[in-house]
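The values are calculated or read from the model by the stated rules, or taken from the named source; none is laboratory data. Bear in mind that the values here come from a model prediction, so they are computed numbers and not experimental data. Backbone-built Cβ (ideal geometry, glycine too); neighbour counts: all protein chains shown.
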């Protein structure tokens, strides 16, 4: 036992946690500073006056009142993006190829997990479950979603990408787009054949919808509530666990060393006795597992899913991977958190700051604007310069 | 073995007068079948495939040209006037063929994967929709609140001017988007163009405030068409009325006219594409597509050449957009989704990137699959649902089949399957682009 404990590389367990805390706090502080200073600057202008007319609250108070919730929401979605982005970035690191179908692998994970919970709910198990059992079922759903998504990712690689290895760059990319479209309609077909409609709602059970309130701070006439919903804690907590696990796998195990070797130089890795095809399959498996788990977590957070649910999260996660520096795992983490924050802040405050001219309906294209800006000014991404580990 | 048998058979038949006889026979048989069975999809397919035999059999160029003109300008309009469903299919084929030919310049010649091609189509469509409708006077009204009797901003005949304006504006949009992103590697470009396509769609959806430019999700209607002289309808009826069997209305005549416009655009695109392909630019595109590094080493201005391809492709989409807005008299953001972009890409990939006849074949195949096969399958399923039929072994009554299962809506499945299968089994497409043999004529020099 002690020998086993001794072999654990504690540094590789602590380092990613430290990074996550740093990135979360940093991006939260940065975005809050921008929002608050904008609010202070605009408070005296027509923007502040119109808000005063409507809700009788100053722009600064309004910003502060919403800030805790916005930060928590941003973090939650940011960690989901990070988990998906890791799938993109790992595959890109190994094959230099954008796995366009990753967003559908995410969607399949979400559907499998939610279908399990719906089935359990239909049997009446969920309604009477104790708190502990509710968590057990949720974990079961996540694991099942992970397995389905991981298996699918490996299968897709085997069928649609491996035969094309060595072809020109666009060929596997077009194939991946095809797989993505195909999977969307296959999900829709299966779902509409089994139940007549293709949307699924996550059943409510356990205490996931309740909120933990830490306290209230008086702000002018209203009160600032400090609290967090259980859902968000679960999403963030599971994402952190998975990301730490992945980091450990890649940076502190033999298999991880093989993955890094293949990413660095495929022919040489193969000469060193590494089975390159197996490592590539493994990369897809790991990416798929993360994507599937992210899918179930996404469903938990947003409740409603449809076969096209993967499209936007997938694109944003890809943006996050590029933002952080594609092929770089720490970068994907940073990119995911930053993008989640940016998007949530923009979605919550843009409407107020522009007097309703451009509100949250532009949230989805916000990511693309960032993507274009990053690609123009810093194509290697935020952390692309010093590639510490390319996995 | 089977393919070599067919090749042998084709070579046996494709000589001397036999090939002329077969082509003429095919056209006559197709026309006859469609004439006698105006509702049969199969007859229509026989007629449409006569274009293929015209392409594949060796005949003189003059014969090919005359036959193609008769087919496209006489036989097909008559068939369309007899059955307006065919007219719709033919019109869509010609629109998508034009779009696919435009995208072919970007994807096939320059090797740039553009996943947001429909965005330029949308730019053209919204351009004419804004200026050719009452939308200009609705700028300050929220959607649905504008008074009924607003004037039109421009007369319908300004459409002809906007065909040119559409080319210019869409081309400029292409350059503006291309300038920053064309420096990127191919797969980044794909994602950025995809993003741009979404940006245009979201803008079209939401630019109904603060100023109402696009009327939001409801879309803009009515959009004006160029005026149609009365004598055109009378002339068509007096000449072809006997063959068509009934007098056509101005509405059908309009559709015929837009089909002709689309054909004209296709001819222009083919002409431009071929001339460009033969020029210095075309050779630069080939070099860029095959090996970027080598192309730079040869002194080819990479970004400039990519930009040229991007702008040319975009401007053709722009002119088709203007055409679409006028022919439909209604446009909404729905028509410019990501799926449409992938649909056009599917046509290019299926036919063969870089190959003009291939791309046209791809556009026709995908459109017919989409409009006739999938929808026919939907109708068939609906009939089964109405009936009492039961699947024997598993004992499943068709009545219980979900209403959501509507094959006509499963275009993504179709596009996805085509893309994956083509990439794995025939990446060069159904009619691969012939690599041009550029002989240096020593005697001349």
Seminar exercise, completed: Note: among B:337, B:279, B:332, B:327, just one is over 19 Å from residue B:169 (Cα atoms), touching a strand residue (DSSP E or B) at 6+ places or on another chain (Cβ under 9 Å) and at pLDDT below 95, namely B:332
Exercise. Inside region B:87-138, can you point out the residues that are away from chain A (no Cβ under 14 Å) and outside any helix (DSSP H, G or I)?
Worked result: B:132, B:133
Seminar exercise, completed: All conditions in (1) more than 30 Å from residue B:428 (Cα to Cα); (2) at pLDDT 90 or above are true of residue B:93 except (1)
Problem set entry | Residues located in region B:417-435, provided they are more than 18 Å from residue A:155 (Cα to Cα) and surrounded by 18 or more Cβ atoms within 10 Å (Cβ to Cβ) | B:418, B:422, B:427, B:429, B:431, B:433
Exercise. Checking residue B:43 against (1) free of Cβ contacts under 8 Å to residues at least 24 places away in the same chain; (2) in contact with a helix residue (DSSP H, G or I) (Cβ under 8 Å, 6 or more places away or on another chain); (3) exposed (fewer than 15 other Cβ atoms within 10 Å of the Cβ), which test does it fail?
Worked result: (3)
For this session: Test each condition in (1) at pLDDT 85 or above; (2) in a helix (DSSP H, G or I) for residue A:368 and report the one that comes out false.
Result: (1)
Exercise. How about region B:387-431: which of its residues are part of a loop (DSSP other than H, G, I, E, B), away from chain A (no Cβ under 14 Å) and at pLDDT 75 or above?
Worked result: B:387, B:388, B:389, B:392, B:393, B:430, B:431
Exercise. Any idea which of (1) within 13 Å of chain A (Cβ to nearest Cβ); (2) touching a helix residue (DSSP H, G or I) at 6+ places or on another chain (Cβ under 8 Å); (3) farther than 30 Å from residue A:172 by Cα is the one residue B:378 doesn't satisfy?
Worked result: (1)
Exercise. Looking at A:139, A:105, A:143, which one is touching a helix residue (DSSP H, G or I) at 6+ places or on another chain (Cβ under 6 Å) and assigned to a helix (DSSP H, G or I)?
Worked result: A:105
Problem set entry | Residue list for region A:92-127, restricted to those being more than 12 Å from chain B (Cβ to nearest Cβ), closer than 21 Å to residue A:169 by Cα and out of contact with any strand residue (DSSP E or B) (no Cβ under 6 Å at 6 or more places or on another chain) | A:94, A:102
Seminar exercise, completed: A careful count of residues in region B:196-246 that are closer than 30 Å to residue A:355 by Cα, surrounded by 19 or more Cβ atoms within 10 Å (Cβ to Cβ) and at pLDDT below 85 gives 1
Exercise. Any idea which residue in region A:302-341 is surrounded by the fewest Cβ atoms within 10 Å (Cβ to Cβ), counting only those that are within 13 Å of another protein chain (Cβ to nearest Cβ) and touching a strand residue (DSSP E or B) at 6+ places or on another chain (Cβ under 9 Å)?
Worked result: A:306
Exercise. Within region A:4-26, is there a residue that is at positive phi, surrounded by fewer than 21 Cβ atoms within 10 Å (Cβ to Cβ) and either outside any helix (DSSP H, G or I) or free of Cβ contacts under 8 Å to residues at least 40 places away in the same chain (or both)?
Worked result: no
For this session: Please go through region A:167-205 and pick out each residue that is outside any helix (DSSP H, G or I) and either without any contact (Cβ under 8 Å) to a residue 24 or more places away in the chain or more than 8 Å from chain B (Cβ to nearest Cβ) (or both).
Result: A:167, A:168, A:196, A:197, A:199, A:200, A:201, A:202, A:203, A:204, A:205
Exercise. So which of B:284, B:262 is over 28 Å from residue B:88 (Cα atoms), assigned by TED's automatic domain parsing to the domain that holds residue B:301 and crowded, with 21+ Cβ neighbours inside 10 Å?
Worked result: B:284
Exercise. Among the residues of region B:54-77, how many are in contact (Cβ under 8 Å) with a residue 40 or more places away in the chain and part of a loop (DSSP other than H, G, I, E, B)?
Worked result: 3
Exercise. Which residues, counting only those in region B:188-244, are away from chain A (no Cβ under 14 Å), within 18 Å of residue B:336 (Cβ to Cβ) and touching a helix residue (DSSP H, G or I) at 6+ places or on another chain (Cβ under 6 Å)?
Worked result: B:220, B:223
For this session: Just one of (1) at pLDDT below 85; (2) more than 27 Å from the chain's Cα centre (by Cα) trips up residue B:156, so point out which.
Result: (2)
Exercise. Mind checking whether some residue in region B:234-252 is under 26 Å from the mean Cα position of the chain (by Cα), under 22 Å from residue B:315 (Cβ atoms) and touching a residue at least 12 places away in the same chain (Cβ under 8 Å)?
Worked result: no
